[in-house]
Structures are given as C-alpha cells and as structure tokens.
1. Answer yes or no as to whether E42 is among the charged types (D, E, K, R) and assigned to a helix (DSSP H, G or I).
2. Check G49, G14 and return the single one that is under 13 Å from Y103 (Cα atoms) and not hydroxyl-bearing (S, T, Y).
3. Does any residue of segment 106-121 turn out to be surrounded by fewer than 13 Cβ atoms within 10 Å (Cβ to Cβ), in contact (Cβ under 8 Å) with a residue 24 or more places away in the chain and in a strand (DSSP E or B)?
4. What pairs can you find where one residue is in segment 19-44 and at positive phi, the other is modelled with pLDDT of 90 or more, and their Cβ atoms are less than 8 Å apart, with a gap of 6+ or different chains?
5. Can you name the residue in segment 59-75 that is at pLDDT 95 or above, open to solvent by 40 Å² or more (accessible area, probe 1.4 Å) and part of a strand (DSSP E or B) and is also nearest to V119 (Cα to Cα) among such residues?
6. I'm checking my understanding of the structure. Among residues of segment 1-43 that are acidic (D, E) and open to solvent by 40 Å² or more (accessible area, probe 1.4 Å), which one is nearest to the chain's Cα centre (by Cα)?
7. Could we say that D54 is over 16 Å from V4 (Cα atoms), at pLDDT 95 or above and of a type in the set (D, E, K, R) here?
8. Within the set of pairs 6+ apart or on separate chains, which have a first residue in segment 76-90 that is open to solvent by less than 10 Å² (accessible area, probe 1.4 Å), a second that is part of a loop (DSSP other than H, G, I, E, B) and among the polar types (S, T, N, Q), and C-beta atoms under 7 Å apart?
Amino acid sequence: VQLVESGGGLVQAGGSLRLSCAASGRTSSSYFMGWFRQAPGEEREFVAGIRWSDSRTYYKDSVKGRFTISRDNAKNTVYLQMNSLKPEDTAVYYCAANPSGYYSSRYADYVHWGQGTQVTVSS
C-alpha cells in the first residue's frame, strides 16, 4: 500500500487547510486510516482516524470541533479538513494505514505511512 499526502502549506492562525491522502496498491476496505502529526522535538501523535468500512471517526481532544476526517471510496482517498488553525497545530502531518481495521492511536499499530506534508500556522 502506498500513501501520498498533499495539501499542506503556510496559513495564518484562524485559517483552514485540507489535507488529502491518496492510497494505491493493495488497499482494503477493512483498514483503519489515521492522520498523525509530529512537531520538531516532539513525538508523533494521533490526530484523527476513520474506519474505512463504516466511516466511524475518532479525534484527538484538542482538534475536536476544528478538524474533520472523511473518505472517498471511489477515489481511495482520505481527507483531513482543518479549520480554525492555531500555531500549535504546526507540524508534519502523516497519513497512515492500520490493517487491523480497529481504532488505535498508537503509531506502532500502523503499517503503512505516507511521506508527510508540512503544515505551518503563523500567529
């Protein structure tokens, strides 16, 4: 499975960005898809996830109400709509696939990773 992220960039605080994650290869509707982020000097952290089979979603508390994860089966793509961005959202954002199909916030449970896309929020 190959994952390719896009949509990162520089935005002012309060602005919005939409990240995309295009999946190719041996994808499966049983996967659980997650977005993680990693700021300089920090550990990689779970941001949001979606169960491919039924679109049930999960979020880190600090992004609830601001970020929305969704998927397009026909395009094999997962999105992360980020609104009301804050400087503390600045990080490299990664898309990842967990073959178990179950929700997990642990990055060790994710087998496939994209290359990451930089999101920078200026104050």
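The values are calculated or read from the model by the stated rules, or taken from the named source; none is laboratory data. All values reported here derive from a predicted model rather than from experimental measurement. Don't worry about glycine lacking a Cβ; one is built from the backbone with ideal geometry, like all the others, and counts go over all protein chains shown. Remember, those area values only see protein heavy atoms, side chains included, never the ligands or the DNA or RNA. Shrake-Rupley method; radii C 1.70, N 1.55, O 1.52, S 1.80 Å.
1. On the way: among the charged types (D, E, K, R): yes; assigned to a helix (DSSP H, G or I): no.
Considered against the rule, which asks whether it is among the charged types (D, E, K, R) and assigned to a helix (DSSP H, G or I), E42 comes out as no.
2. Details: G14 fails: under 13 Å from Y103 (Cα atoms).
The conditions single out G49.
3. Yes: one or more hits.
4. Final answer for the pair search is G25/Q2.
5. Our first condition is that a residue be at pLDDT 95 or above; within segment 59-75, this holds for 59-70.
From what is left, the residues that are open to solvent by 40 Å² or more (accessible area, probe 1.4 Å) are 59-62, 64-65, 68, 70.
Now narrow it down to the ones that are part of a strand (DSSP E or B): 59, 68, 70.
Working: Y59: 18, T68: 16, S70: 19 Å.
Ranking the candidates gives T68 first.
6. At the first step, the residues of segment 1-43 found to be acidic (D, E) are 5, 42-43.
Checking the rest, the ones that are also open to solvent by 40 Å² or more (accessible area, probe 1.4 Å) come to 42-43.
Details: E42: 17, E43: 15 Å.
If we take residues in segment 1-43 being acidic (D, E) and open to solvent by 40 Å² or more (accessible area, probe 1.4 Å), then E43 is nearest to the chain's Cα centre (by Cα).
7. Working: over 16 Å from V4 (Cα atoms): yes; at pLDDT 95 or above: no; of a type in the set (D, E, K, R): yes.
So D54 does not fit the description; no.
8. M82/S16; L85/S16
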